[in-house]
Amino acid sequence: MPDLTSTQIQNPPEAIYIHIPFCTNKCFYCDFNSYVLKDQPVMDYLRALDHEMELTVQATPPGVIKTIFVGGGTPTVLNPQEMEYFLSSIRRHFPSLDSNIEFTMEANPGTTDLEKLSVMKAGGVNRVSFGVQAFQNELLSGIGRIHNTDDVYRSLDNAHKAGLHNLSIDLMFGLPNQTVEMLDQSVTRALELGLPHYSIYSLKVEENTLFHTLFQRNQLPLPNEEDELKMYLLLMERMKKSGYKQYEISNFAKPGFESLHNITYWRNENYYGLGAGAHGYVGHQRHMNIKGVNPYVEAAIKKLPRLEQYTVGQAEAMEDFVMVGLRMLDGIRDQDFTAQFGADLEIIFKRPLSKMVNSGLLERHADGGGYRLSDKGILFGNDVFGEFIGELTSKL
C-alpha cells in the first residue's frame, strides 16, 4: 500500500470514474456493486468520497482532467442537495478541467426531474447516459426495471429543458421473452429520438443475480442463439443505415460523439477509480476499492480505501492493450504499441495474430499498420480476445 507522499508519474490520469452505489431497487440481471437506497447513509458516503478525492490527489496529482464518468448504482437517486454537495466535491478537488471536458452521469428514467437535472448541469455535468434497456413495458418489468416508456420520454424532455443535449441511451438484447421484432421496435423508437449516442448490450447472465438462479432452474426464457445473432446483425445494420458509426462492439455514435471516457479504458490509459468497489489504473498500478457502503465509509475516512492493489507487469499490460484495444472497431496500431512498450506488436503476438487473421476474425489495416476485427470477428469478439489471455503471462 503506497503512503500519501506525492507520486509524480509520466502520464498523470486525465480521466476519473466515480461510483455511486445506491439504487431504488436491484434489477434481476445486475451484479454491479449496488445497494437499495432505503436506510443507506448517503451523506456519510458522500463525505467519505470527498475524503478519498482529497487523499487521491495528494498521492498522485492529476493532469488536466478530460473526462469524468459517474456510474453506479444509479447516481441520480441522489436528491438535489446531495447532488450539489457531490458535484462541488469534484470541482474542489479537481479544479483543473479541460475546456472541452466530457462529464457523464448515468441516470435511470424516472429518477431525474427538471430540478435535479438543472443541478447536474450547474455542477458541470454535460452528458447523461440513460438506462432505457427496452421500449416494451412488459420487458422492463420482466427484468426488474421500475420505469416505463413514458418515464423515458419525460426524462429526455427534462434533460433538454435543463440544457443537456449530449445524451445517450442504453438498450439490451437477448432479454427473456424478447423477440427479434421487439428489438426492432425498440431500435425504431430509439432512433426516432435522434440522440448522438447509443449503447446496445447483450444480456449476460451473471452469478449472484436472480436471473442466474432462474437460469440454473431452467426457468429463464431466453432467446435462442440464432435469434440473438439476428438481433445483433439487425441492430448493426439499422444503426449504420441511420448514420451512426459502430466505433466499439456495443457502441454507436454520430461523428464526434463517441464516449471519450470509455475510449480511455479501451486504450488502456490511466484513470482514477473513486468510490465503493471502484477500479482504477494509475502508474502501472491497478486497484479495487472496498465494496460495502459502511466498510468503505469507515476506511475512506482514514486512508485510501483499497481492497486490493497490485502492479501490472509489462506482459499483462501488453495483453490488456491488445484485448481492450480490439474492442474498438478501429482496432490497434503498431506504432501505439511500440510507443507504449518499446516492442514490436508483430513479434510479441505473432502466434495469436497469425491464427486470428488466418481464421478470418482479424484483418490488417489497409496501410498495414495494425489490426482490427473483421466483420466476422465482430460477431465472435470474445473468441478473439480469448486468444490473447495468458499468451505472455503464462510463459513467465
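The values are calculated or read from the model by the stated rules, or taken from the named source; none is laboratory data. In this text, all values refer to a predicted model and were calculated from it rather than measured experimentally. Methodologically, a virtual Cβ is constructed for each residue, glycine included, from the backbone with ideal geometry; neighbour enumeration extends over all protein chains shown. Keep in mind that these areas ignore ligands, DNA and RNA; they rest on the heavy atoms of the full protein, side chains included. Shrake-Rupley method; radii C 1.70, N 1.55, O 1.52, S 1.80 Å.
Observations, loosely collected:
- Separation of the alpha carbons by more than 20 angstrom is noted, of LYS204/LYS230; LYS38/LYS204; LYS240/LYS376; LYS116/LYS245; LYS121/LYS161, for LYS38/LYS204; LYS116/LYS245.
- Counting charges near LEU326 (Lys, Arg +1; Asp, Glu -1) among other residues having Cβ under 12 Å from its Cβ returns a value of -3.
- Relative contact order, percent, region 149-202 [alpha-carbon distance under 8 Å, six or more residues apart]: 51 percent
- Bridgeable aspartates and glutamates around LYS26 (alpha carbons under 16 Å apart, same-chain partners fewer than 8 residues away excluded): ASP39, GLU106, GLU206, GLU207.
- Annotation: per residue accessible area for the chain equals 45 Å², rounded to a whole number [probe 1.4 Å, protein chains only].
- Computed on the Cα trace of region 39-158, the radius of gyration divided by the Kirkwood hydrodynamic radius gives Rg/Rh = 1.01.
- The chain - percent of accessible surface contributed by carbon and sulfur, probe 1.4 Å: 50 percent
- Isolated Cys residues of the chain, judged by Cβ distance under 4.7 Å to other cysteines: CYS23
- Per-residue Karplus couplings for region 366-376, computed as 6.51 cos²θ - 1.76 cosθ + 1.60 with θ equal to phi - 60°, are listed in order as 4, 8, x, x, x, 9, 8, 5, 6, 4, 5 Hz, Gly and Pro entered as x.
- Region 339-396 gives an Rg/Rh value of 0.97, both radii derived from C-alpha positions and Rh following Kirkwood.
- Per residue, the chain reaches -11500 deg cm²/dmol at 222 nm when only DSSP H runs of four or more residues are counted, each adding -39500 (n - 2.57).
- Loop-located trypsin sites (Lys or Arg not before Pro) in region 22-71 (DSSP state other than H, G, I, E, B) with a sparse environment of at most 10 neighbouring Cβ atoms within 10 Å: LYS38.
- Spatial extent of the chain: Rg and Dmax, with the Cα atoms as the point set, Å: 21.2, 58
- With the simple model of a label 7 Å out from the Cα in the direction of the Cβ, LEU329 to ASP44 spans 4.8 nm.
- Distance between modelled label sites at ASN148 and ASN11, nm, 7 Å Cα→Cβ extension: 4.9 nm
- Amide H to amide H, with H built 1.01 Å from N, MET105 comes under 5 Å of VAL70, ARG127, VAL128, SER129, counting only residues 5 or more places away or on other chains.
- Normalising the average separation of contacting C-alpha pairs (under 8 angstrom, six or more residues apart) by the number of residues puts the relative contact order of the chain at 16 percent.
- Neighbours of GLN185 by Cβ distance under 13 Å: Lys/Arg scored +1, Asp/Glu scored -1, total -2.
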